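So the structure is just underneath, and the comments pick up after that.
Each reported figure results from applying straightforward, stated rules to the coordinates on display, with no laboratory input. Quantities reported herein were computed from a predicted structural model and do not represent experimental measurements. Cβ placement follows ideal geometry from the backbone for every residue including glycine, while neighbour counts extend to all protein chains displayed.
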Amino acid sequence: MPGVMLTMLVGPTVAIPAPQPLMDALASVQVTHSDEGRSGFQLSFHAGRSGATTLIDSPLLTLPLLRPFNRVILIVGFGVMPTVLMDGVITHSQLQHDDTGAPSTLTVTGEDVSVMMDLEDKSAEHPAQPEALIALALIASYAQYGLIPIVIPPPTIDPPIPIERVPVQQATDLGYLNEMAGRFGYVFYVAPGPAPFTNTAYWGPPKRADLPQHALSVDLGPDSNVTSLNFTNNALAPTMVKGKVQDRQTGQDVPVLALLSTRPPLSAMPAVLVNQPNVRTTQFRESGLNIVQAFARAQGVVDRAADAVTASGELDATRYGAVLQARALVDVRGAGWTNSGTYYVKSVTHNISSGTYKQSFTLTREGTGALSPAVVP
């Protein structure tokens, strides 16, 4: 494909450059990144059989490089700027035959290396450790996958005193990391890179304070780089939390109230304010918490539900001139003041085949209206 180069490393322990016959058989690549759940990849190969050397089986099926739990690293580059698109392991394969004369297809599916954190269900105690320290310890136990931890402590920290309570894990390491993140409206994910054989393990709030990526342009004639872009506004999404909790330490009933998201605003007209008084309100009914924990969990509910506006679309990466990254910010221009401006990129799916590189994406923010009158291309 013009201007785009795909490199694949694969192997059981140490991934090595894929041999040329394997790259020649590669028909298409799909990679999906999301800030919720594990990221995944799918590789489709032509698996036809021809010649005396393939009488027993298709060469791809006997190739040790494509066995389950082998590591796969995909790198895509525009010119001299490579981006690690995926670092994961193979978890599933499927061979498809048909009688139309088309060649057989071998489809290999996998997930990012965080799938290795989800294989063993555990019962474990973490005495005297708040959530951020537990997250660091769990991530550190998977150093063989090149995990670089980025752990953002929650705004309210309540260190557990062993004589009062001990955090207990009743889940896989990945499940417990997600459970702890959910208490504060946080996310946990493993992103490939920044360099091959390394991964960034992020536990913290969605990144909404970084500089935006190269802008998505729509309805701008020759300057457009988006082939489709659709906006939806879910007025029922914003949520406020009210209620009370019996403080575990004092025994007193204390009001609990969380009305607005604490995430940096991306829009001029947040739905939770524009839609007043018609905003969903839920009762806080958790028990066994102190007031600090109760407020943190109520605020987490409000933060998770804040994004009312969603934009979905597709772009041609060669026209866009870069790799649109999920879990980051991007500007939209050309969609009018109501829908232009800065968005959080919630998910991106990369579809690569011979001569084409398309990306479908989902963007979110808490309301309508651009914060700035102009967007940098």
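Could you work out how far helix 173-182 tilts from the main Cα principal axis of the chain, as a 0 to 90 degree angle to the nearest 10? The helix 173-182 is inclined about 40 degrees to the chain.
Against the chain, whose longest principal axis is taken from its Cα atoms, helix 131-140 shows a tilt of about 20°.
With the helix formula -39500 (n - 2.57) applied to DSSP H stretches of n ≥ 4, the chain reaches a computed 222 nm mean residue ellipticity of -3500 deg cm²/dmol.
Over all directions, how big on average is the projection of the convex hull of the alpha-carbon atoms in region 239-304, in square nanometres? If you can, show how the numbers build up before the last one.
Numbers: hull surface 18.0 nm².
Result: 4.5 nm².
Under a model in which nothing but the beta-carbon of Lys, Arg (+1) and Asp, Glu (-1) is charged, region 234-288 shows a dipole of about 80 debye around its Cα centre.
How many percent of the alpha carbon pairs in region 150-265 exceed a separation of 24 Å?
Details: 3651 of 6670 pairs.
Summing the P(r) tail past 24 Å for region 150-265 gives 55 percent.
Provide MET117, MET8 in ascending order of the number of other Cβ atoms located within 10 Å of each residue's Cβ, fewest first. Intermediate values should be presented prior to the final figure.
Details: MET117 24, MET8 21.
Placing the least packed residue first, the sequence is MET8, MET117.
Please determine, in degrees from 0 to 90 and to the nearest 10, the orientation of helix 291-304 with respect to the longest principal axis defined by the Cα atoms of the chain, where the helix direction is its Cα long axis. Once rounded, one gets 50 degrees. Using only side-chain charges placed at the Cβ, +1 for Lys and Arg and -1 for Asp and Glu, the dipole size of region 120-204 relative to its Cα centre rounds to 180 debye. Checking [x] -1.25; [y] -1.13; [z] -0.99 against log10 I(q)/I(0) by the Debye sum over Cα atoms at q = 0.13 Å⁻¹ calculated from these atoms, the matching label is [y].
Computed over neighbours whose Cβ is under 12 Å from that of ARG183, the net charge equals -3, Lys and Arg +1, Asp and Glu -1. Rounded, prolate or oblate: which one fits region 209-250, using the alpha carbon gyration tensor with axes a ≥ b ≥ c (rounded when a/c is under 1.5, else prolate when a/b beats b/c, else oblate)? Judged from the Cα gyration tensor, region 209-250 comes out oblate (a/c at least 1.5, b/c at or above a/b).
The ranking of LEU85, LEU22 by Cβ neighbour count inside 10 Å, starting from the fewest, reads LEU22, LEU85.
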